[in-house]
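Below you'll find the structure, written out as structure tokens, and then a few comments.
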Amino acid sequence: MHVVGRESNIYELYCLAEELGKNFHVRSCVDRLAEDGSTTIARVMAKLPSSGTREVRFRDA
């Protein structure tokens, strides 16, 4: 699993990750356009089934 920052909330990155069989968790503050521009990333993601949950604990460095 790769954890990326909000600068990585680009639909094309999700498509590439899917093609490569990679899993990403992306923090996003803007609901960007997706596909042909007629929908948003949130709408696309809402249609997909959950692949599971994972608890990740962080500690201060």
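Side notes on the structure shown:
- Some residue of region 22-29 being exposed (fewer than 10 other Cβ atoms within 10 Å of the Cβ), in contact with a helix residue (DSSP H, G or I) (Cβ under 9 Å, 6 or more places away or on another chain), of a type in the set (A, V, I, L, M, F, W, C) and modelled with pLDDT under 85: yes
- Residue list for region 31-61, filter: without any contact (Cβ under 8 Å) to a residue 24 or more places away in the chain, in a loop (DSSP other than H, G, I, E, B) and within 13 Å of the chain's Cα centre (by Cα): D31, R32, L48, S50
The values are calculated or read from the model by the stated rules, or taken from the named source; none is laboratory data. All figures in this text were calculated on a predicted structure; none of them were measured in a lab. Quick reminder, even Gly has a Cβ in these numbers, built from the backbone with ideal geometry, and neighbours come from all protein chains shown.
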